[in-house]
Amino acid sequence: MITIKEIMHGVTIISEDATVLEVAQIMEDKCTTAVLVESFGEVNGIITERDLVTKVMARAIDPRLVRASQIMTPIIYTIDAEEDITKAAIIMDRNNIRRLPVTKNGKIVGIVMTHDISKAMPYALHSRISSMRTMDRNHYPEF
């Protein structure tokens, strides 16, 4: 089993009061495609590069005048760091999301993306097949 904590990335958390210009600069500085948004000590939203483009730039809105809280997408789903990557894949597929915040003891500790799951899935499948073969041999010994 490959767990989420083995493939997750660190995450950048910003204030809901940050301007979209600041968000874009932080994304550039951190080489990241998404940031989480915090309000009163609680992470409650996510902003992706796509949000910057579709909600601000494509509408010709000045990014200095828009706050993170105005364009963030509320976080509805998270996954525990100890969960199997298959569970993350299912959550992401069923809900058409590409980034999933990771929690440990109820606190956000990272983020996992669809490409992380895609890269790890062959190893997870190989591990499962190997363990099934071992179980099969133990259950049905060869004569």
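The values are calculated or read from the model by the stated rules, or taken from the named source; none is laboratory data. Note that the structure is a prediction, hence the values are computed from the model and not measured. No Cβ is skipped: glycine too gets one built from the backbone with ideal geometry, and neighbour counts run over all protein chains shown.
Points to keep in mind about this one:
- Considering segment 72-91, and only residues there that are surrounded by 14 or more Cβ atoms within 10 Å (Cβ to Cβ) and closer than 21 Å to Thr54 by Cα, the residue that is modelled with the lowest pLDDT turns out to be Ile75.
- Looking across segment 3-34, the residues that are farther than 17 Å from Lys55 by Cβ, touching a Ser or Thr at 6+ places or on another chain (Cβ under 7 Å) and hydroxyl-bearing (Ser, Thr, Tyr) come down to Thr12, Thr32.
- Of all residues making up segment 68-86, the number that are over 19 Å from Thr33 (Cβ atoms) and in contact (Cβ under 8 Å) with a residue 60 or more places away in the chain: 6
- Count - residues of segment 24-53 that are more than 16 Å from Pro74 (Cα to Cα) and not basic (Lys, Arg): 10
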